[in-house]
Every structure is written in C-alpha cells, then in structure tokens.
Amino acid sequence: MFLGGFGAHRFYMNRPVTGIFYLFFFWTFIPALIAFFEALSLAFFWNDEEFRRHVNDPRVVAPNSAADDLGKLAALFEKNLVTKEEYEAKKAILLQRIT
C-alpha cells in the first residue's frame with residue numbers, strides 16, 4: 001500500500017506497462033491517488049476469487065499432471081477412440097513423465 005504511488009503493485013499484479021507509467025509519473029502524485037482508489041476497491045469490492053482471476057493471466061494454462069492425462073487416455077481407450085497400440089505408446093510416455 002505504501003509503494004502504490006511508485007507502481008510496485010502493478011508489477012506484482014503482472015501489469016508491468018502500467019507499473020512503468022506509475023514510475024515515470026509518481027512525482028505528480030496522480031499514480032498515488034489512483035493506487036489509493038485501487039486499494040479501496042480491492043479491499044471492499046473484490047473477493048479472493050476475483051483477485052486471483054484478475055492477477056493471474058488467463059492465457060497461461062497450468063500444465064496437466066501426468067496422472068490426469070493417464071485418466072483421460074484411459075477414458076478414450078474405454079470408449080474405443082484410440083487403438084490398443086496407441087494407448088500403450090502414449091501410456092509409456094506418460095509413465096516416463098511421472099518417474
């Protein structure tokens with residue numbers, strides 16, 4: 001909260017471009033005023049889920065675990081959407097990722 005006028009929170013929230021603008025214009029106190037109102041809105045109007053959704057880049061997808069991929073592969077095999085050979089080959093690759 002004390003570094004909001006310098007744009008430190010913008011870098012933390014993965015918004016480096018606006019953080020740089022804050023750094024360039026901190027001497028005008030305009031970024032400090034904006035940061036103050038941002039802090040108020042975060043404190044009173046955002047819940048944790050909204051904050052996480054806003055801070056985390058939605059384009060970055062967490063990688064699936066090999067166990068999840070094995071489950072999906074097994075489901076495809078049970079539905080006869082992949083052959084036994086394809087299943088065994090992919091399964092061997094996924095098991096190597098686990099160990």
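In table form, for the structure just shown:
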| item | result |
| --- | --- |
| Computed label-point distance, nm, for sites N47 and I98 using a 7 Å Cα→Cβ extension | 3.6 nm |
| 3J(HN,Hα) from dihedral phi, region 15-31, Karplus parametrisation 6.51/-1.76/1.60, rounded to Hz, x for glycine, proline | 10, x, 5, 5, x, 5, 4, 4, 5, 5, 10, 4, 5, 8, 6, 5, x |
| The chain, Cα convex hull volume normalised per residue, Å³ | 147 Å³ |
| Cα long-axis angle, helix 84-98 against the chain (0 to 90 degrees, to the nearest 10) | 40 degrees |
| Helical mean residue ellipticity (222 nm; -39500 (n - 2.57) per DSSP H run of 4+; nearest 500) of the chain | -20500 deg cm²/dmol |
| Förster-model FRET efficiency, 35 Å R0, E86 and S65, C-beta, rounded to 0.05 | 0.95 |
| Cα gyration tensor shape for region 4-55, rounded if a/c is under 1.5, else prolate or oblate | oblate |
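Each reported figure results from applying straightforward, stated rules to the coordinates on display, with no laboratory input. Note that the structure is a prediction, hence the values are computed from the model and not measured. Cβ atoms come from the backbone with ideal geometry, glycine included; neighbour counts cover every protein chain shown.
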